[in-house]
Amino acid sequence: MDMVLDAVKDMQATVSALVVPGKGILAADESIPTITKRFQAVGIQSNPDTRRAYRELLIGTPQIGEYLSGIILFEETLDQKASDGTPLPELCAKQGIVPGIKVDKGLVELPFTNGDKVSQGLDGLGERLATYKQKGARFAKWRSVYNIGAGHPTRLAIEANAEVLARYAAECQNHGIVPIVEPEVLIDGDHSIDQCAEVSEVAFHEVFHALHRHGVRLELIVLKPNMVIAGKSHARKSTPEEVADRTVEVLRRTVPGAVPTINFLSGGQTPEQASANLNAMNERHPKLPWNLSFSYARALQEPVMQTWKGDAKNVDAARKAFFHRAKLNGAAQKGQYKAAMEKA
Ligand code: 13P
């Protein structure tokens, strides 16, 4: 059976709302264990109410819709309300921001690969998507990871992750939900930028091969990849120029021009690095077939959490920090970011 016309129209409208010059996506979809770890690092207790208050701080930041077109939420947030009773997905919509939902259920070890991971969450996904759509979600996210190491990622992990990403994407489109397809080659390790480029090219190529086999309509997806960059413990840090040129080279080789937008994850880069690297891509490569923007979690949120510290009296200052970071990434989307803007 072909895609239903209404579903296609819904997804076209969602893509148009997400792809806007100077805007990108906030990933605020940390699972409970992940947000707990990040809260603990800055001394914030993690419970349903602190998580609710924090997500309200982000979503309710005045005028944040100037720089954000979408926010990815975690399941818990979809059912939570702002202090004035507005459901948080509705608050996103009021800010002119499209709400989305993380739908993978995390990573499990892929047996007999000696440590490679595969993401899970396909069972019951169709029913979950129908419920999420009713609650306001218009796009979804699924993350797969690839760890670089001796003999890793294995061919098996590359194929298994491409297959689950494609099955997820097809299921989303079948429900009129735009899938964010997130293959993340991890920055952890001492690998070179060349190694990252090599693994990213193989991984992305396999993902698009699987999307094709599953009949996924490329015009109606968002790709959320890692940037091509040397590992965190590599002897030399990649410059923005290197990251820009190597990332664009790999994307040109693997991503069809039918894909409307590529929104990078920040993956453990500092907020400043993530802005500078995105900016270099847009400045140095202005004529690409796809929009290049951000879908950052840590690079947008680190300064916010550090300022907020779980204390209501810091909300205004934390919102200022968030607005500033979003604005800088909005500038990077247009290739207009300058390091000097950090101080403003
Ligand atoms: P980071 O930007 O912190 O890598 O997170 C993006 C994300 O959504 C990971 O799934």
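The values are calculated or read from the model by the stated rules, or taken from the named source; none is laboratory data. What you see is a predicted model; the values in this text were computed from it and never measured. Here Cβ is always computed from backbone atoms with ideal geometry, including for glycine, and neighbour counts include all displayed protein chains. Note: accessible area is taken over every heavy atom of the protein model, side chains too, but ligands, DNA and RNA are not part of it. Shrake-Rupley method; radii C 1.70, N 1.55, O 1.52, S 1.80 Å.
Working only within segment 295-313, note down all residues that are open to solvent by less than 40 Å² (accessible area, probe 1.4 Å) and free of Cβ contacts under 8 Å to residues at least 60 places away in the same chain.
Within segment 295-313, A299, P303 meet the criteria.
Consider only pairs whose beta carbons are under 6 Å apart and that are at least six residues apart or on different chains; among these, list those whose first residue lies in segment 255-266 and is open to solvent by 10 Å² or more (accessible area, probe 1.4 Å) and whose second residue is in a loop (DSSP other than H, G, I, E, B) and away from the ligand (no atom under 16 Å from the Cβ).
G257/P289; P260/V19
Across segment 249-277, which residue is nearest to the chain's Cα centre (by Cα) among those that are within 15 Å of the ligand (Cβ to nearest atom) and part of a loop (DSSP other than H, G, I, E, B)?
Per the stated criteria, the residue is L265.
Name every residue in segment 116-137 that is open to solvent by less than 30 Å² (accessible area, probe 1.4 Å) and more than 20 Å from Q80 (Cβ to Cβ), in order of residue number.
D116, V118, S119, G121, L125, G126
Looking only at segment 65-103, count how many residues are over 19 Å from T14 (Cβ atoms), out of contact with any strand residue (DSSP E or B) (no Cβ under 6 Å at 6 or more places or on another chain) and either away from the ligand (no atom under 16 Å from the Cβ) or among the hydroxyl-bearing types (S, T, Y) (or both).
Residues in segment 65-103 being over 19 Å from T14 (Cβ atoms), out of contact with any strand residue (DSSP E or B) (no Cβ under 6 Å at 6 or more places or on another chain) and either away from the ligand (no atom under 16 Å from the Cβ) or among the hydroxyl-bearing types (S, T, Y) (or both): 8 in total.
Give the number of residues within segment 278-314 that are assigned to a helix (DSSP H, G or I) and touching a strand residue (DSSP E or B) at 6+ places or on another chain (Cβ under 8 Å).
Residues in segment 278-314 being assigned to a helix (DSSP H, G or I) and touching a strand residue (DSSP E or B) at 6+ places or on another chain (Cβ under 8 Å): 5 in total.
Which of the residues belonging to segment 78-95 are touching a Gly at 6+ places or on another chain (Cβ under 8 Å) and open to solvent by less than 50 Å² (accessible area, probe 1.4 Å)?
L78, A82, P87, P89, L91, C92, Q95
For residues in segment 138-157 being part of a helix (DSSP H, G or I) and open to solvent by 10 Å² or more (accessible area, probe 1.4 Å), which is farthest from V202 (Cα to Cα)?
Per the stated criteria, the residue is L156.
Does segment 318-327 include one or more residues that are under 15 Å from the mean Cα position of the chain (by Cα), at pLDDT 95 or above and within 16 Å of the ligand (Cβ to nearest atom)?
Yes.
In segment 35-76, which residue that is out of contact with any Lys or Arg (no Cβ under 9 Å at 6 or more places or on another chain) and open to solvent by 40 Å² or more (accessible area, probe 1.4 Å) is farthest from K309 (Cα to Cα)?
Filtering segment 35-76 for residues that are out of contact with any Lys or Arg (no Cβ under 9 Å at 6 or more places or on another chain) and open to solvent by 40 Å² or more (accessible area, probe 1.4 Å), the one farthest from K309 (Cα to Cα) comes out as Q63.
Quick one: which strands (runs of 3 or more DSSP E) lie wholly within segment 18-129 and hold at least 3 residues that are among the hydrophobic types (A, V, I, L, M, F, W, C)?
Strands (runs of 3 or more DSSP E) meeting the threshold: 24-28, 68-73.
List every residue pair whose Cβ atoms sit under 6 Å apart, with the two residues 6 or more apart in sequence or on different chains, where the first one lies in segment 204-231 and is open to solvent by 50 Å² or more (accessible area, probe 1.4 Å) and the second, anywhere, is part of a loop (DSSP other than H, G, I, E, B) and among the aliphatic types (A, V, I, L, M).
Close Cβ pairs satisfying both conditions: E219/A258.
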